[in-house]
Amino acid sequence: MIWLGEADDDSDEAFTLMSKVISDNNITEEITRNLFSFYIQFVEREWFTRLWTIQELVLASQDPIVGCGHTWTTWSTLFGAWQKVALIEFTKMGMVTFPDSFNISNDDIAPSKPLGVRTSGIKIDLLNNLRASVLEKGGSDLRNLILNTLSSNATEPRDRIYGLLGMLTSSARQEFTVDYTRPLGIVFAEAIAHLFRHGKGASLLSGFQIMGPSSDSTLPSWIPQFGDKRLMKPIRFHPPGLGASGAGSDAVNGSIDEDLTKLRIRGLPIDIVVEKLPFFEGDACLDQLSQVEALAKKGRERAARHASEHPESRPYLTPFKTKEPLWRTLIANKAYSGAARDEAPESYRGMYARLLESHSGASKAEEADVEGEDDMARDYKLNLLNALPGNCFFVTETGFCGIGPDLVEPGDLLAVWFGAPAPFVLRPISESGDEHKARQGQGEKEVENMYNVCGVAYVAGIMDGELVDEVYCEDLEDDVLFVVR
């Protein structure tokens, strides 16, 4: 039994309507609109925001009874009614994809009929997906649990992991020991080590805001900032689609040392960052487009000089550097949509040119004309405002360019980790004298590739795995072991 709190002005009527909505194929537009609005506000209740409450639903062996005030219904009724009204309302917003033979009518949205593909909408969808996964498989995997609880609140930060263990499969659960006296960094590191053992590490880290270089030596740079509301922002630097480098997102690549301080992972070094341009917040970043163009031009000139002075230096990488125009790079080549899975349309090219012109000293009247462009023009501008503020544009020594977190600095290394959909930004570090002596005493060879990780970036020309296919798989280069602290 799940009690969601006291009744409000709308909850009794909404709970009464849920069964009717599921069984009746002639629900009025007013009812669906009002019930949709109710659900959107309903999931703001505290029960939906807490991490520990999820187990009440997910681990229930029977259909849970859900109450609000003195009114009760079943979870399947609560979710089924939401499915139906969401399909209708999202369709109006253009956020549902139907088969070609599908017609929108009351008969078509009956529960027994195939539904269109819609956005996952609200927390109810995530919770139901999680419950279905656990019931079907006897437990979920840690990656799925983490991704489905990112927006949940936990007073004790260790519960970001410990609060999920009861929903793991029994075999996975055996890999964890619950101990609230352990340092927080160790608890998080143990969870990431588990993900790497099961082939989920590189892919997952590439989509998370991670700790990065820190003065706190107890927190490795590769630990995600669990609990931070910005946790998933790095996915903006992922390419469209779901591809990943090397053997794909399930590649078993990477391991974490027994003391949980170092990540060892294989991949390819790409290039060194030599210059960056930090973006301003808000619309002010659009005024920097001419500076971006100038820096990109400067980068191409530097690359040409480098190529003439070092003709033997990885010439097979040259074609990758001119594969993608700058207007695609600045928006990570994505169409502006909620799913961010579609490649940016060619029509964005003209809008970029108009924005570049209007934000390079043109009159306000001309700028106003740009504001009045069609929806596709609006989408490209919104895409820029989503991708650029608070981040930076950078160029590398041999001519690559990209966008990444403002944490990127000249001297950082761009590297592809096998199994990740975006390259990582690594900062070289040196080990202490005591560490160096200890390894020499044990007969170890010198380790040169030791880094902190700063996050992921979008680098033009190498985001679809071609570099790994054409360079590593064709034996032009050997992979490298990166040791990340």
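For this structure, a couple of remarks:
- Full extension of the chain between VAL480 and GLU466 yields a length gain of 3.3 nm, computed as 0.36 nm times the residue separation minus the alpha carbon distance.
- Label-to-label distance, ASP257 versus THR91, with points set 7 angstrom from Cα along the beta-carbon direction: 5.9 nm.
- Estimated at the nearest 10 Å², the accessible area of MET232 is 60 Å² with a 1.4 Å probe.
- Förster radius 25 Å - calculated FRET efficiency between LEU147 and LEU382 (Cβ-Cβ, nearest 0.05): 0.50
- Among the GluC sites (Glu not before Pro) in the range 262-329, those placed in a DSSP loop whose Cβ has at most 14 other Cβ atoms within 10 Å are GLU281, GLU312.
- Separation in nanometres of the label points that stand 7 Å from Cα toward Cβ, at SER214 and LEU59: 2.8
- Members of LYS92/LYS334; LYS200/LYS262; LYS229/LYS276; LYS233/LYS297; LYS229/LYS262 lying beyond 21 Å, as alpha-carbon distances in this model show: LYS92/LYS334; LYS229/LYS276; LYS233/LYS297; LYS229/LYS262
- Inter-site label distance for THR177 and ILE40 at 7 Å from Cα along Cβ, in nm: 5.0
- Compared with the alpha-carbon gap, the fully stretched path from SER23 to ALA353 is longer by 113.5 nm at 0.36 nm per residue.
- A simple count of charges around LEU51, restricted to other residues whose Cβ falls under 10 Å of its Cβ and scoring Lys, Arg +1 and Asp, Glu -1, yields 0.
- Across the protein chains, with a 1.4 Å probe defining accessible surface, the residues THR169, THR318 rank THR318, THR169 from largest area downward.
- Rolled with a 1.4 Å probe across the full set of protein chains, the surface gives ILE429 an accessible area near 50 Å².
The values are calculated or read from the model by the stated rules, or taken from the named source; none is laboratory data. If you're wondering where the values come from, they're calculated on a predicted model, not measured in any experiment. Note: ideal-geometry Cβ built from the backbone for every residue, glycine included; neighbour counts use all protein chains shown. Note: accessible area is taken over every heavy atom of the protein model, side chains too, but ligands, DNA and RNA are not part of it. Shrake-Rupley method; radii C 1.70, N 1.55, O 1.52, S 1.80 Å.
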